[in-house]
Amino acid sequence: MDYLQIIGGNTLKGSVTISGAKNSALPVIASTILSNRPVKLTNLPNVVDIRTLLKLLKMLGGEIEHNGTTATINNANINSTKAVYEIVSKMRASILVLGPLLARFGECEVSLPGGCAIGQRPIDLHLKALEAMGAKIEIKGGYVRAEAPDGLKGAKIIFDKITVGGTENIIMAGALAKGVTKIINSAKEPEVVQLCEIIRDAGVKIEGIGTSTITIYGTNQKPLEFKEIKIIPDRIEAGTYLCAGAITNSSITLKEVNPTHIQSSIDKLEAMGCSFDIGERELTIYPTNRLKPINIITSEYPAFPTDMQAQFMAVATMAIGESLIEERLFENRFMHVSELNRLGADIWLKGSVASVRPVAELNGADVMATDLRASSALVLAGLVAKGVTNIRRIYHLDRGYDNLEGKLLSLGANIKRLSE
Ligand code: UD1
(Lines give C-alpha, C1' and ligand atoms only; values in the text may rest on other atoms or scores of the structure.)
Protein backbone atom coordinates (compact mmCIF):
# COMPACT_ATOMS: atom_id res chain seq x y z
CA MET A 1 0.00 0.00 0.00
CA ASP A 2 1.17 3.55 -0.73
CA TYR A 3 2.20 5.94 1.99
CA LEU A 4 3.54 9.48 2.07
CA GLN A 5 6.90 10.34 3.53
CA ILE A 6 7.56 13.94 4.48
CA ILE A 7 10.74 15.40 5.87
CA GLY A 8 9.60 18.56 7.57
CA GLY A 9 11.20 21.96 7.86
CA ASN A 10 11.30 23.25 4.29
CA THR A 11 9.99 26.70 3.51
CA LEU A 12 7.59 26.62 0.56
CA LYS A 13 7.44 29.12 -2.27
CA GLY A 14 5.87 29.66 -5.64
CA SER A 15 2.40 29.10 -6.97
CA VAL A 16 -0.06 26.25 -7.13
CA THR A 17 -3.05 25.85 -9.43
CA ILE A 18 -6.23 24.85 -7.66
CA SER A 19 -8.20 21.99 -9.23
CA GLY A 20 -11.93 21.74 -9.80
CA ALA A 21 -14.07 21.12 -6.73
CA LYS A 22 -14.72 17.46 -5.99
CA ASN A 23 -17.85 18.38 -4.03
CA SER A 24 -19.20 20.32 -6.99
CA ALA A 25 -18.20 17.76 -9.61
CA LEU A 26 -20.03 14.95 -7.77
CA PRO A 27 -23.55 16.48 -7.84
CA VAL A 28 -22.90 17.83 -11.35
CA ILE A 29 -22.02 14.33 -12.56
CA ALA A 30 -25.13 12.92 -10.83
CA SER A 31 -27.26 15.62 -12.45
CA THR A 32 -26.31 14.40 -15.94
CA ILE A 33 -28.81 11.57 -15.26
CA LEU A 34 -31.48 14.24 -15.80
CA SER A 35 -30.48 14.41 -19.47
CA ASN A 36 -30.58 11.98 -22.37
CA ARG A 37 -27.95 13.79 -24.40
CA PRO A 38 -24.15 13.92 -24.12
CA VAL A 39 -22.88 16.45 -21.55
CA LYS A 40 -19.31 17.73 -21.52
CA LEU A 41 -17.65 18.53 -18.20
CA THR A 42 -14.33 20.33 -17.84
CA ASN A 43 -12.04 21.21 -14.90
CA LEU A 44 -12.82 17.94 -13.12
CA PRO A 45 -10.37 17.12 -10.35
CA ASN A 46 -8.30 14.03 -11.03
CA VAL A 47 -9.30 12.16 -7.87
CA VAL A 48 -10.66 8.74 -6.96
CA ASP A 49 -14.14 9.91 -5.89
CA ILE A 50 -14.82 11.23 -9.39
CA ARG A 51 -13.74 7.95 -10.96
CA THR A 52 -15.97 6.08 -8.49
CA LEU A 53 -19.09 8.04 -9.46
CA LEU A 54 -18.31 7.73 -13.17
CA LYS A 55 -17.95 3.98 -12.65
CA LEU A 56 -21.37 3.92 -11.03
CA LEU A 57 -22.93 5.73 -14.01
CA LYS A 58 -21.24 3.25 -16.32
CA MET A 59 -22.76 0.37 -14.34
CA LEU A 60 -26.17 1.99 -14.84
CA GLY A 61 -25.61 2.05 -18.61
CA GLY A 62 -24.15 5.52 -19.08
CA GLU A 63 -21.51 5.99 -21.79
CA ILE A 64 -18.49 7.84 -20.53
CA GLU A 65 -15.33 9.23 -22.05
CA HIS A 66 -13.07 10.40 -19.27
CA ASN A 67 -9.68 11.90 -19.70
CA GLY A 68 -8.19 13.41 -16.53
CA THR A 69 -9.96 16.72 -16.16
CA THR A 70 -12.55 16.30 -18.91
CA ALA A 71 -15.46 13.91 -19.33
CA THR A 72 -18.33 13.48 -21.73
CA ILE A 73 -21.25 11.62 -20.24
CA ASN A 74 -24.13 10.27 -22.28
CA ASN A 75 -26.95 8.88 -20.15
CA ALA A 76 -29.33 8.26 -23.07
CA ASN A 77 -29.23 4.49 -22.65
CA ILE A 78 -29.37 3.95 -18.91
CA ASN A 79 -30.76 0.45 -18.44
CA SER A 80 -30.40 -0.05 -14.68
CA THR A 81 -31.49 2.13 -11.78
CA LYS A 82 -29.69 0.20 -9.07
CA ALA A 83 -26.74 1.79 -7.27
CA VAL A 84 -25.03 -1.18 -5.70
CA TYR A 85 -23.45 -1.48 -2.25
CA GLU A 86 -20.02 -2.13 -3.75
CA ILE A 87 -19.89 1.48 -4.98
CA VAL A 88 -22.02 3.35 -2.44
CA SER A 89 -20.08 1.86 0.48
CA LYS A 90 -16.89 3.30 -1.07
CA MET A 91 -18.31 6.76 -1.39
CA ARG A 92 -21.29 8.18 0.48
CA ALA A 93 -21.86 10.87 -2.13
CA SER A 94 -23.19 8.12 -4.44
CA ILE A 95 -26.48 8.83 -2.67
CA LEU A 96 -26.66 11.85 -5.00
CA VAL A 97 -27.96 9.57 -7.78
CA LEU A 98 -31.13 8.90 -5.77
CA GLY A 99 -32.97 12.13 -6.67
CA PRO A 100 -32.11 12.21 -10.39
CA LEU A 101 -32.72 8.47 -10.99
CA LEU A 102 -36.10 8.62 -9.31
CA ALA A 103 -37.03 11.83 -11.11
CA ARG A 104 -36.15 10.52 -14.56
CA PHE A 105 -37.14 6.84 -14.32
CA GLY A 106 -39.83 6.81 -11.60
CA GLU A 107 -37.99 4.13 -9.65
CA CYS A 108 -34.58 3.27 -8.29
CA GLU A 109 -32.72 1.26 -5.71
CA VAL A 110 -29.76 2.80 -3.95
CA SER A 111 -27.70 1.08 -1.30
CA LEU A 112 -27.84 2.74 2.11
CA PRO A 113 -24.47 4.46 2.61
CA GLY A 114 -24.22 3.54 6.30
CA GLY A 115 -22.05 5.41 8.77
CA CYS A 116 -18.62 6.73 8.01
CA ALA A 117 -15.50 7.60 9.91
CA ILE A 118 -16.65 11.10 10.81
CA GLY A 119 -20.06 10.15 12.15
CA GLN A 120 -23.41 8.56 11.64
CA ARG A 121 -24.45 10.68 8.62
CA PRO A 122 -28.05 9.58 8.07
CA ILE A 123 -30.04 10.29 4.90
CA ASP A 124 -33.42 10.64 6.61
CA LEU A 125 -33.85 14.23 5.39
CA HIS A 126 -33.30 13.20 1.74
CA LEU A 127 -35.91 10.44 2.08
CA LYS A 128 -38.48 12.54 3.92
CA ALA A 129 -38.25 15.22 1.24
CA LEU A 130 -38.65 12.72 -1.61
CA GLU A 131 -41.69 11.24 0.17
CA ALA A 132 -43.18 14.73 0.34
CA MET A 133 -42.76 14.80 -3.45
CA GLY A 134 -44.87 11.67 -3.78
CA ALA A 135 -42.21 8.94 -3.69
CA LYS A 136 -42.97 5.64 -1.99
CA ILE A 137 -39.87 4.58 -0.11
CA GLU A 138 -39.01 1.29 1.47
CA ILE A 139 -35.77 0.21 3.14
CA LYS A 140 -35.08 -3.44 2.49
CA GLY A 141 -31.95 -5.55 2.43
CA GLY A 142 -29.74 -2.53 3.01
CA TYR A 143 -31.23 -0.67 0.03
CA VAL A 144 -33.49 2.34 -0.34
CA ARG A 145 -36.16 1.33 -2.84
CA ALA A 146 -37.99 4.35 -4.18
CA GLU A 147 -40.90 4.52 -6.56
CA ALA A 148 -42.91 7.30 -8.14
CA PRO A 149 -44.55 5.62 -11.15
CA ASP A 150 -46.41 8.78 -12.21
CA GLY A 151 -43.39 10.99 -11.64
CA LEU A 152 -42.46 13.19 -8.69
CA LYS A 153 -44.64 16.14 -7.78
CA GLY A 154 -43.43 19.54 -6.68
CA ALA A 155 -43.80 20.14 -2.94
CA LYS A 156 -42.81 22.49 -0.17
CA ILE A 157 -39.80 20.97 1.59
CA ILE A 158 -38.67 22.33 4.93
CA PHE A 159 -35.33 20.90 5.97
CA ASP A 160 -35.12 20.67 9.78
CA LYS A 161 -31.36 20.81 9.43
CA ILE A 162 -29.27 22.31 6.65
CA THR A 163 -28.03 19.48 4.45
CA VAL A 164 -25.81 19.96 1.40
CA GLY A 165 -26.45 16.54 -0.16
CA GLY A 166 -30.14 16.65 0.76
CA THR A 167 -30.57 20.06 -0.88
CA GLU A 168 -28.74 18.81 -4.00
CA ASN A 169 -30.86 15.65 -4.25
CA ILE A 170 -34.07 17.66 -4.03
CA ILE A 171 -32.91 20.30 -6.53
CA MET A 172 -32.27 17.48 -9.02
CA ALA A 173 -35.55 15.74 -8.18
CA GLY A 174 -37.43 19.04 -8.43
CA ALA A 175 -35.93 19.77 -11.87
CA LEU A 176 -37.93 16.96 -13.52
CA ALA A 177 -40.91 16.98 -11.12
CA LYS A 178 -44.39 18.11 -12.06
CA GLY A 179 -45.00 21.57 -10.62
CA VAL A 180 -43.11 23.75 -8.21
CA THR A 181 -40.71 22.57 -5.50
CA LYS A 182 -39.83 25.04 -2.79
CA ILE A 183 -36.90 24.17 -0.52
CA ILE A 184 -36.84 26.04 2.75
CA ASN A 185 -33.67 26.09 4.87
CA SER A 186 -31.62 24.94 1.90
CA ALA A 187 -27.83 24.79 1.89
CA LYS A 188 -26.05 27.83 0.34
CA GLU A 189 -22.66 26.25 -0.38
CA PRO A 190 -20.98 27.33 -3.66
CA GLU A 191 -21.37 23.72 -4.84
CA VAL A 192 -25.15 23.97 -4.39
CA VAL A 193 -25.08 27.25 -6.31
CA GLN A 194 -23.19 25.67 -9.22
CA LEU A 195 -25.70 22.82 -9.36
CA CYS A 196 -28.59 25.32 -9.49
CA GLU A 197 -26.85 27.38 -12.17
CA ILE A 198 -26.19 24.48 -14.53
CA ILE A 199 -29.77 23.24 -14.14
CA ARG A 200 -31.04 26.77 -14.75
CA ASP A 201 -28.81 27.04 -17.84
CA ALA A 202 -30.34 23.74 -19.00
CA GLY A 203 -33.72 25.48 -19.17
CA VAL A 204 -35.24 24.99 -15.69
CA LYS A 205 -36.54 28.10 -13.96
CA ILE A 206 -34.95 28.35 -10.49
CA GLU A 207 -35.39 31.21 -8.05
CA GLY A 208 -33.44 31.98 -4.90
CA ILE A 209 -30.10 30.52 -6.03
CA GLY A 210 -27.56 30.96 -3.23
CA THR A 211 -30.24 31.75 -0.64
CA SER A 212 -31.92 29.57 1.96
CA THR A 213 -35.15 29.34 -0.06
CA ILE A 214 -34.83 27.78 -3.50
CA THR A 215 -37.81 27.44 -5.84
CA ILE A 216 -37.62 25.03 -8.78
CA TYR A 217 -40.16 24.93 -11.58
CA GLY A 218 -40.03 21.30 -12.74
CA THR A 219 -40.18 20.18 -16.37
CA ASN A 220 -42.66 17.33 -15.75
CA GLN A 221 -40.14 14.66 -16.79
CA LYS A 222 -38.85 16.43 -19.88
CA PRO A 223 -35.10 15.60 -19.89
CA LEU A 224 -32.69 18.52 -19.57
CA GLU A 225 -30.32 19.84 -22.23
CA PHE A 226 -27.14 20.84 -20.47
CA LYS A 227 -24.56 23.21 -21.90
CA GLU A 228 -20.85 22.48 -21.42
CA ILE A 229 -20.08 22.68 -17.70
CA LYS A 230 -16.85 23.96 -16.11
CA ILE A 231 -16.46 22.85 -12.49
CA ILE A 232 -15.78 25.66 -9.98
CA PRO A 233 -12.44 25.76 -8.10
CA ASP A 234 -12.09 23.58 -5.02
CA ARG A 235 -12.39 25.87 -2.00
CA ILE A 236 -11.25 23.17 0.43
CA GLU A 237 -8.14 22.37 -1.60
CA ALA A 238 -7.45 26.12 -1.77
CA GLY A 239 -7.91 26.51 1.99
CA THR A 240 -5.57 23.58 2.58
CA TYR A 241 -2.76 25.26 0.58
CA LEU A 242 -3.32 28.51 2.51
CA CYS A 243 -2.84 26.48 5.68
CA ALA A 244 0.34 25.02 4.16
CA GLY A 245 1.62 28.59 3.74
CA ALA A 246 0.61 29.59 7.27
CA ILE A 247 2.07 26.55 9.04
CA THR A 248 5.40 26.59 7.18
CA ASN A 249 5.73 30.39 7.39
CA SER A 250 5.80 30.61 3.60
CA SER A 251 4.36 32.85 0.94
CA ILE A 252 2.31 30.88 -1.61
CA THR A 253 0.20 32.07 -4.53
CA LEU A 254 -2.96 30.16 -5.43
CA LYS A 255 -4.07 30.30 -9.05
CA GLU A 256 -7.50 29.53 -10.51
CA VAL A 257 -9.16 30.11 -7.17
CA ASN A 258 -12.35 31.92 -6.19
CA PRO A 259 -11.32 34.03 -3.14
CA THR A 260 -14.97 34.76 -2.23
CA HIS A 261 -15.57 31.07 -1.58
CA ILE A 262 -12.76 30.89 0.99
CA GLN A 263 -13.44 34.15 2.80
CA SER A 264 -14.01 32.43 6.15
CA SER A 265 -10.59 30.72 5.96
CA ILE A 266 -8.94 33.99 4.89
CA ASP A 267 -10.59 35.77 7.85
CA LYS A 268 -9.33 33.17 10.33
CA LEU A 269 -5.80 33.23 8.93
CA GLU A 270 -5.83 37.05 9.05
CA ALA A 271 -6.87 36.82 12.69
CA MET A 272 -3.86 34.54 13.20
CA GLY A 273 -1.59 37.21 11.74
CA CYS A 274 -1.25 36.25 8.06
CA SER A 275 -1.92 38.78 5.32
CA PHE A 276 -3.16 38.45 1.75
CA ASP A 277 -3.08 39.88 -1.74
CA ILE A 278 -6.47 39.09 -3.19
CA GLY A 279 -7.14 39.19 -6.93
CA GLU A 280 -10.11 37.97 -8.90
CA ARG A 281 -8.81 34.44 -9.60
CA GLU A 282 -5.54 34.59 -7.68
CA LEU A 283 -4.59 34.86 -4.05
CA THR A 284 -1.25 35.20 -2.25
CA ILE A 285 -0.77 34.47 1.43
CA TYR A 286 1.98 36.24 3.37
CA PRO A 287 2.73 34.42 6.60
CA THR A 288 3.69 35.57 10.04
CA ASN A 289 6.33 33.99 12.23
CA ARG A 290 4.14 34.57 15.31
CA LEU A 291 0.86 32.80 14.62
CA LYS A 292 -1.80 33.98 17.05
CA PRO A 293 -4.23 31.47 18.55
CA ILE A 294 -7.70 31.23 17.05
CA ASN A 295 -11.26 30.32 18.03
CA ILE A 296 -13.26 28.42 15.44
CA ILE A 297 -16.79 27.04 15.32
CA THR A 298 -17.68 24.98 12.26
CA SER A 299 -20.96 25.78 10.59
CA GLU A 300 -22.72 25.96 7.23
CA TYR A 301 -21.54 28.25 4.40
CA PRO A 302 -20.69 31.11 4.44
CA ALA A 303 -19.43 30.40 7.98
CA PHE A 304 -16.34 28.32 8.69
CA PRO A 305 -16.50 24.89 6.97
CA THR A 306 -16.18 21.60 8.82
CA ASP A 307 -14.03 20.43 5.89
CA MET A 308 -11.31 22.92 6.98
CA GLN A 309 -11.45 22.13 10.71
CA ALA A 310 -8.67 19.52 10.77
CA GLN A 311 -6.27 21.64 8.68
CA PHE A 312 -6.74 24.67 10.95
CA MET A 313 -6.13 22.47 13.95
CA ALA A 314 -2.75 21.54 12.47
CA VAL A 315 -1.94 25.24 11.96
CA ALA A 316 -3.12 26.08 15.50
CA THR A 317 -0.52 23.69 16.96
CA MET A 318 2.10 26.26 15.92
CA ALA A 319 0.30 29.28 17.44
CA ILE A 320 1.69 31.14 20.46
CA GLY A 321 -1.35 30.50 22.70
CA GLU A 322 -4.34 28.21 23.22
CA SER A 323 -6.85 27.85 20.37
CA LEU A 324 -10.39 26.50 20.77
CA ILE A 325 -11.98 24.61 17.89
CA GLU A 326 -15.59 23.49 18.10
CA GLU A 327 -17.03 20.95 15.65
CA ARG A 328 -20.79 21.44 15.27
CA LEU A 329 -21.59 19.41 12.14
CA PHE A 330 -20.24 15.93 12.64
CA GLU A 331 -20.06 14.11 15.95
CA ASN A 332 -16.87 12.19 15.36
CA ARG A 333 -14.67 14.46 13.36
CA PHE A 334 -11.69 14.63 15.70
CA MET A 335 -9.81 11.49 14.81
CA HIS A 336 -6.84 13.54 13.66
CA VAL A 337 -6.37 14.74 17.26
CA SER A 338 -4.64 11.60 18.51
CA GLU A 339 -2.51 11.45 15.34
CA LEU A 340 -1.49 15.12 15.67
CA ASN A 341 -0.61 14.39 19.31
CA ARG A 342 1.64 11.56 18.07
CA LEU A 343 3.57 14.27 16.24
CA GLY A 344 3.98 16.17 19.50
CA ALA A 345 0.90 18.41 19.47
CA ASP A 346 -0.87 19.15 22.77
CA ILE A 347 -4.57 18.87 21.97
CA TRP A 348 -7.29 18.07 24.51
CA LEU A 349 -10.82 17.13 23.64
CA LYS A 350 -13.88 17.92 25.69
CA GLY A 351 -17.05 16.90 23.91
CA SER A 352 -17.17 18.74 20.61
CA VAL A 353 -14.45 21.25 21.55
CA ALA A 354 -10.73 20.78 21.02
CA SER A 355 -8.29 22.86 22.97
CA VAL A 356 -5.05 23.23 21.05
CA ARG A 357 -2.20 24.30 23.28
CA PRO A 358 1.09 25.71 22.07
CA VAL A 359 4.13 23.46 21.67
CA ALA A 360 7.68 24.46 20.78
CA GLU A 361 7.89 22.05 17.86
CA LEU A 362 6.36 18.97 16.23
CA ASN A 363 8.43 15.86 15.66
CA GLY A 364 8.11 13.39 12.80
CA ALA A 365 6.39 10.06 13.54
CA ASP A 366 4.38 7.30 11.87
CA VAL A 367 0.75 8.35 11.67
CA MET A 368 -2.40 7.07 10.06
CA ALA A 369 -4.88 8.93 7.89
CA THR A 370 -8.47 8.42 9.06
CA ASP A 371 -10.60 10.45 6.68
CA LEU A 372 -10.07 12.79 3.79
CA ARG A 373 -9.55 16.13 5.54
CA ALA A 374 -7.95 14.60 8.65
CA SER A 375 -5.31 13.20 6.32
CA SER A 376 -4.46 16.61 4.94
CA ALA A 377 -4.04 17.92 8.50
CA LEU A 378 -1.38 15.25 9.03
CA VAL A 379 0.37 16.30 5.82
CA LEU A 380 0.37 19.93 7.01
CA ALA A 381 1.79 18.92 10.38
CA GLY A 382 4.39 16.75 8.63
CA LEU A 383 5.58 19.80 6.66
CA VAL A 384 6.79 21.44 9.90
CA ALA A 385 7.57 18.40 12.02
CA LYS A 386 11.27 17.81 12.63
CA GLY A 387 12.50 14.65 10.90
CA VAL A 388 10.51 12.03 9.06
CA THR A 389 6.71 11.68 9.09
CA ASN A 390 5.21 8.64 7.39
CA ILE A 391 1.48 8.90 6.69
CA ARG A 392 -0.29 5.62 6.02
CA ARG A 393 -3.75 4.89 4.58
CA ILE A 394 -3.44 7.74 2.12
CA TYR A 395 -6.21 6.31 -0.03
CA HIS A 396 -8.31 8.82 1.93
CA LEU A 397 -6.24 11.66 0.45
CA ASP A 398 -6.43 10.21 -3.04
CA ARG A 399 -10.22 10.34 -2.83
CA GLY A 400 -10.24 14.12 -2.78
CA TYR A 401 -6.88 15.85 -3.33
CA ASP A 402 -5.67 16.13 -6.91
CA ASN A 403 -1.93 15.38 -7.03
CA LEU A 404 -1.29 16.61 -3.49
CA GLU A 405 2.29 15.43 -3.27
CA GLY A 406 3.12 16.71 -6.78
CA LYS A 407 1.75 20.15 -5.95
CA LEU A 408 3.55 20.32 -2.58
CA LEU A 409 6.76 19.08 -4.20
CA SER A 410 6.59 21.87 -6.77
CA LEU A 411 6.25 24.34 -3.87
CA GLY A 412 9.48 22.98 -2.39
CA ALA A 413 8.24 20.44 0.18
CA ASN A 414 10.29 17.33 0.83
CA ILE A 415 7.51 14.81 0.19
CA LYS A 416 7.35 11.51 -1.63
CA ARG A 417 4.93 8.66 -2.21
CA LEU A 418 6.36 5.27 -1.34
CA SER A 419 5.02 1.74 -1.48
CA GLU A 420 5.44 -0.85 1.24
C1 UD1 B 1 -21.29 17.52 2.27
C2 UD1 B 1 -19.86 17.44 1.79
C3 UD1 B 1 -18.90 17.21 2.96
C4 UD1 B 1 -19.12 18.28 4.03
C5 UD1 B 1 -20.59 18.36 4.42
C6 UD1 B 1 -20.88 19.51 5.36
C7 UD1 B 1 -20.09 16.55 -0.44
C8 UD1 B 1 -19.89 15.41 -1.36
N9 UD1 B 1 -19.75 16.36 0.84
O10 UD1 B 1 -21.61 16.25 2.86
O11 UD1 B 1 -17.57 17.28 2.46
O12 UD1 B 1 -18.36 17.95 5.17
O13 UD1 B 1 -21.40 18.56 3.24
O14 UD1 B 1 -20.49 20.71 4.80
O15 UD1 B 1 -20.49 17.62 -0.85
N16 UD1 B 1 -27.84 15.02 8.13
C17 UD1 B 1 -28.92 14.38 8.72
N18 UD1 B 1 -29.83 13.78 7.89
C19 UD1 B 1 -29.72 13.81 6.53
C20 UD1 B 1 -28.63 14.48 5.95
C21 UD1 B 1 -27.70 15.09 6.78
O22 UD1 B 1 -29.06 14.33 9.94
O23 UD1 B 1 -30.59 13.26 5.84
C24 UD1 B 1 -26.83 15.68 9.02
C25 UD1 B 1 -25.44 15.07 8.86
O26 UD1 B 1 -25.27 13.91 9.66
C27 UD1 B 1 -24.56 16.22 9.30
C28 UD1 B 1 -25.33 17.46 8.80
O29 UD1 B 1 -26.67 17.02 8.60
O30 UD1 B 1 -24.48 16.28 10.70
C31 UD1 B 1 -24.80 18.03 7.51
O32 UD1 B 1 -24.67 17.00 6.55
P33 UD1 B 1 -24.76 17.26 4.99
O34 UD1 B 1 -24.74 18.73 4.74
O35 UD1 B 1 -25.90 16.49 4.44
O36 UD1 B 1 -23.40 16.63 4.49
P37 UD1 B 1 -23.13 15.85 3.13
O38 UD1 B 1 -23.99 16.40 2.05
O39 UD1 B 1 -23.15 14.39 3.40
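The table below gives the values:
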{"item": "Compactness of region 221-267, expressed as Rg and Dmax over alpha-carbon positions, Å", "result": "15.7, 54"}
{"item": "Neighbourhood charge, 12 Å Cβ-Cβ cut-off, centred on L176 and excluding it, Lys, Arg +1 and Asp, Glu -1", "result": "+4"}
{"item": "With 10 Å bins from 0: P(r) over region 2-132, alpha-carbon pairs, percent", "result": "11, 38, 30, 13, 6, 1"}
{"item": "Surface/4 estimate of mean projected area, convex hull on alpha-carbon atoms of region 325-420, nm²", "result": "6.5"}
{"item": "Solvent exposure of the chain as accessible area per residue, Å², 1.4 Å probe", "result": "39"}
{"item": "Most fluctuating residue given options E109, E191, E361, as computed from a GNM of the chain linking Cα atoms under 10 Å", "result": "E361"}
{"item": "Rounded if a/c under 1.5, otherwise prolate or oblate - region 56-191, Cα gyration tensor axes", "result": "rounded"}
{"item": "Contour minus Cα-Cα distance for M335 and E197 (0.36 nm per residue)", "result": "46.1 nm"}
{"item": "Proximal charge balance of K90 [Cβ under 11 Å; K/R count +1, D/E count -1]", "result": "+2"}
{"item": "Surrounding net charge for M1, when Lys and Arg each add one and Asp and Glu each subtract one, Cβ distance under 13 Å", "result": "0"}
{"item": "Heavy-atom accessible surface of the chain: percent carbon and sulfur, 1.4 Å", "result": "47"}
{"item": "Difference of contour (0.36 nm per residue) and Cα-Cα distance, L409 to D124", "result": "98.4 nm"}
{"item": "Tail beyond 18 Å, pair distance distribution of region 165-274 (Cα, percent)", "result": "56"}
{"item": "Global size of region 46-103 as Cα Rg and Dmax, reported in angstrom", "result": "11.0, 29"}
{"item": "Cα centroid of region 42-91 to Cα centroid of region 175-224, whole Å", "result": "23"}
{"item": "For the chain, built as a Gaussian network whose Cα springs stay under 10 Å, the top-fluctuating residue of I216, I198, I171", "result": "I198"}
{"item": "Calculated on alpha-carbon atoms, Rg and Dmax of the chain in Å", "result": "21.4, 65"}
{"item": "Rounded if a/c under 1.5, otherwise prolate or oblate - region 186-230, Cα gyration tensor axes", "result": "oblate"}
{"item": "Dimensions (Å) - region 2-67, Cα atoms, principal axes, largest first", "result": "52, 26, 18"}
{"item": "Shape of region 264-334, Cα gyration tensor, a/c cut at 1.5", "result": "oblate"}
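The values are calculated or read from the model by the stated rules, or taken from the named source; none is laboratory data. Note that this is a predicted model, so its numbers are computed, not measured. Note: ideal-geometry Cβ built from the backbone for every residue, glycine included; neighbour counts use all protein chains shown. Accessible surface is based on the protein model in full, side chains and every heavy atom, while ligands, DNA and RNA are left aside. Shrake-Rupley method; radii C 1.70, N 1.55, O 1.52, S 1.80 Å.
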